[in-house]
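**Q** Here's a structure for you.
Just so it is clear, none of the values below were taken in a lab; they were calculated from the coordinates. Fair warning: this is a prediction, and the values are worked out from it, not measured in the lab. Note that we place each Cβ from the backbone using ideal geometry, even for glycine, and neighbour counts take in every protein chain shown.
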Amino acid sequence: MAEENIIETTTDPAEPRTFTQEETTALCAKEAGKAERAILKAFGIKDKSEIQELLDKLSNAEETKNSLSTVTTERDQYKEKYESTNTAYIALQQKSTLAGYGVTDPEEQEFLAFKIGKMVDTETDFATAATAYFKDHPMTHASVKLNVEGGDTPKTATLNEIINKKLRGEI
């Protein structure tokens, strides 16, 4: 409390008090010191020497944040590539499984993969579900090849071509 007694009072209260430059400087320094100590205390800093340490930690934290942002972006890109590749791999496995049951038409494969996919869960994989599906829904595929004589060599014609030739009266 001795510091607060810098201001001297006059005997006459009506007479204004004037301060010297040294007194003004001392008052300002005292108030600045109080404010500085309050700010340091608010940040949990004991003295000015810890400020540089805090600034260094802040700088390192900013660098770590930027590095983490870069790593996170790269991780997301690789995750996206993995998911895309995994989806393509699963589709290829499904097509292979369906081809093993004689389903080779892409549209039919897509439809059956969708139907069988509904049967897949954590305990049943696609191959097991396909076995159960084809057990309940047997597939009968018949392929017909017709030879149409035309010119010197026989030609294999599609059903569509045969129908068109019949309509035109060529057969």
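**Q** Report, by chain and number, residues whose modeled amide H sits under 5 Å from the one on Ala157, excluding near sequence neighbours (fewer than 5 apart, same chain).
**A** The list, which skips near neighbours in sequence, is Leu146, Val148.
**Q** My understanding is that a pair violates if its Cα-Cα distance is over 23 Å; which of Lys79/Lys118; Lys95/Lys115; Lys79/Lys115 do that in this structure?
**A** Values: Lys79/Lys118 25 Å; Lys95/Lys115 13 Å; Lys79/Lys115 28 Å.
With Cα atoms farther than 23 Å apart: Lys79/Lys118; Lys79/Lys115.
**Q** I would also like to ask the following. Less than 12 Å Cβ to Cβ from Ala99, Lys/Arg counted +1 and Asp/Glu -1: what total charge do the surrounding residues give?
**A** Residues close to Ala99 contribute a combined charge of -1.
**Q** Give a residue-ordered list of calculated ³J(HN,Hα) values for segment 76-82 (Karplus: 6.51 cos²θ - 1.76 cosθ + 1.60, θ = phi - 60°; whole Hz; x for Gly, Pro).
**A** 5, 5, 5, 4, 4, 5, 4
**Q** Applying the Karplus parametrisation 6.51 cos²θ - 1.76 cosθ + 1.60 with θ = phi - 60° to the phi angles of segment 47-56, what ³J(HN,Hα) value in whole Hz is obtained for each residue in order, glycine and proline being reported as x?
**A** The phi angles translate into 8, 5, 5, 7, 4, 5, 4, 5, 5, 5 Hz.
**Q** Could you derive backbone 3J(HN,Hα) for segment 86-93 from the dihedral phi with the Karplus parameters 6.51, -1.76 and 1.60 (θ = phi - 60°), listing whole Hz in sequence and x where the residue is Gly or Pro?
**A** The phi angles translate into 5, 4, 5, 5, 4, 4, 5, 4 Hz.
**Q** Can you give me the long-range amide H partners of Met119? Hydrogens built in the peptide plane at 1.01 Å from N, cutoff under 5 Å, separation of 5 or more residues or another chain.
**A** Under 5 Å from the amide H of Met119: no residue qualifies.
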